[in-house]
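Taking it in order: structure first as structure tokens, then the write-up.
Quick note: the coordinates plus some simple rules give every number you see, no bench work behind them. Quick caveat: nothing in here was measured; it's all calculated off a predicted structure. FYI the Cβ positions are ideal-geometry reconstructions off the backbone, even for glycines, and counts take in every protein chain you see.
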Amino acid sequence: MLLSGFKNRCKNFLDSCGIFLRKSRGMSYGSDLFLDLERLGFPQDGVIFDVGAHRGETAFLLKERYPSARVFSFEPVSANFEHLMRRVAGLEGVRCFHTALGGSDGRALIHLGSDSQTHRIEGRPDGTGGEVGVEEIDLTTLDAVVASERIERISLLKIDAEGYETRIIDGARATLESRLVDWVFVEATLDPSDTIHTPLATLQAQLGGHDLHLVAVYDQVVWDNPLRLAYVNALFRRSASV
């Protein structure tokens, strides 16, 4: 009885501080990405592709969580890439590539938004500031990188490319057909009116053709007027990955 009262007081105190606390055991899928990966057998020392690395937030977080992992970060926009290089400087096992991944090798124009997270290769940037300029960028394919770097397996392919996801997956056809990717973590929309992000159903069809299936969704973003679920981060897993 005393223990129960103590727990309730602790819970009430944390609630008053705006902190929600719960046991990790029994949490549903979609609550915590790293918890889900851990209980499904994700390796600590695998190869991770961070496509759309922005300013290094994901790479830094991944190396904190998986110190033995090798992280390949891809960011095409010069200003973002400079931030990325500074953010990961000194982190062992992180390689940075000043290029976008897509469906072919070459050059492309990326439309720059006022928010550095909204730059887009296809279509106008999202956000109230709109487009503030364009930049010519290098473009290559995931298949080409896998071949040149002699990558034997990608444990996790993370993609955040503002609607360019299907092109990136097209450029990974040989790698996916060889079943060299175990997990994909990708931004996707569930809103039919969303013209910025890739529909989740499109990704399910494209990745499902390579035996990668939706496991859970995370980081749900809700838009107003009208109130609706807009986009999420979706985790796919190859059925024979463990």
Inset, instruction - DSSP loop (so not H, G, I, E, B), at most 11 other Cβ within 10 Å: list which trypsin sites (Lys or Arg not before Pro) in the stretch 135-165 pass both filters. - result: 150
Inset, instruction - Quick one: which residues, 5 or more positions from residue 46 or on another chain, have an amide H under 5 Å from its amide H? H modelled 1.01 Å from N in the peptide plane, none for Pro or chain starts. - result: 70
Inset, instruction - Please determine, in degrees from 0 to 90 and to the nearest 10, the orientation of helix 78-88 with respect to the longest principal axis defined by the Cα atoms of the chain, where the helix direction is its Cα long axis. - result: 50 degrees
Legend entry - Cβ crowding within 10 Å averaged over residues, with 100-110, 214-224, 54-64, 177-187 ranked highest first: 177-187, 54-64, 100-110, 214-224
Inset, instruction - With semi-axes √(5λ) of the Cα gyration tensor in Å in mind, check (1) 32, 19, 16; (2) 31, 23, 19; (3) 44, 22, 14 and report the label derived from this structure. - result: (2)
Inset, instruction - For n ≥ 4 DSSP H runs only, could you compute -39500 (n - 2.57) per run for the chain, divide by its residues and tell me the 222 nm figure to the nearest 500? - result: -8000 deg cm²/dmol
Inset, instruction - Using DSSP, restrict attention to beta bridges with both residues in the chain and report what percent are antiparallel, rounded to the nearest 5. - result: 55 percent
Legend entry - Rounded, prolate or oblate (a/c below 1.5 giving rounded, otherwise prolate when a/b exceeds b/c) for the stretch 99-238 by Cα gyration tensor: oblate
